[in-house]
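Some notes on the structure that comes next.
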């Protein structure tokens, strides 16, 4: 995992919650936290895989949601999709139910798996001494503190919030010569299938914006017979 302090997130050179970006390991080194060992294949694919219902809205104490826009949408949509796809009581299925003993005041509903005592209240606190949530155990360590002025904007722009910077760094500083050649050949293979010649120059301009040498290699490999009008990387960046 990688750890970024809250204060760094406010002023970092690009939006750290943009899922199209990666945090440079030089700034935030990887921290080993454990090993996940896969030791068997599922015996019943439907029961163990198809009916599994993972949801990012299920938090353990100390873990909270970040301002990542994609995560914010999935926090709602995943659990909602599970109720539609698998059923209201999907959490009772063996693959989804907790290993430890839990108490829930939710009961009945479509395809209920358990018998619920009718005299047990469905709310807490109650007069029969039923379990209730303990806020002190969870605390607020997982909350995200927001400050600053609220405006009607998609996000606060950072100096390097662009579509091509990290891609160029990957090509120039991470890939070796053999990997760059494989990347160029893969791109050429796809671009060569384009049937509208007027699109070639725009495609080349995108790859020029990532890296000039890569763009030139793609251009040489495709060699269109009827190129369209030239398009500059600046125009691509603006229109993108």
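What follows draws every value from the coordinates through simple rules; no lab data is involved. This is a predicted model, so every value here is computed, not measured. FYI the Cβ positions are ideal-geometry reconstructions off the backbone, even for glycines, and counts take in every protein chain you see.
Applying 1/(1 + (r/R0)^6) with r as the Cβ-Cβ distance of residue 95 and residue 223 and R0 = 51 angstrom yields a FRET efficiency of 0.45. Take residue 156 and residue 174, extend 7 Å from each Cα along the Cα→Cβ direction, and tell me the distance between the two endpoints in nm. Inter-label distance under the simple model: 2.7 nm.
To the nearest 0.05, how large is the calculated FRET efficiency for residue 111 and residue 37 if R₀ is 45 Å and r is the Cβ-Cβ distance? Calculated transfer efficiency: 0.85. Treating r as the C-beta distance of residue 84 and residue 20 and R0 as 51 Å, the FRET efficiency rounds to 0.95.
Relative to the longest principal axis of the Cα atoms of the chain, the long axis of helix 212-222 lies at roughly 80 degrees. Over the chain, what is the relative contact order in whole percent, taking alpha-carbon pairs under 8 Å and six or more residues apart? Value for the chain: 17 percent.
Scoring 165-176, 103-114 by mean Cβ neighbours within 10 Å over their residues and listing the highest first yields 165-176, 103-114. Each residue, residue 30 and residue 48, gets one label point 7 Å from its Cα in the Cβ direction; the gap between the two is 2.7 nm. Give me the distance between the Cα centres of the stretch 1-21 and the stretch 66-109, rounded to whole Å. The stretch 1-21 and the stretch 66-109 have Cα centres spaced 29 Å from each other. The angle between the Cα long axis of helix 177-191 and the main principal axis of the chain comes to about 90°, on a 0 to 90 degree scale. Per the Cα gyration tensor, the chain maps to an equivalent ellipsoid with semi-axes of 48, 25, 19 Å, ordered largest to smallest. For the stretch 1-144, just say rounded, prolate or oblate: build the C-alpha gyration tensor, square-root its eigenvalues into a ≥ b ≥ c, call rounded for a/c under 1.5, and beyond that prolate if a/b exceeds b/c, oblate if not. Because a/c hits 1.5 or more and a/b exceeds b/c, the stretch 1-144 counts as prolate.
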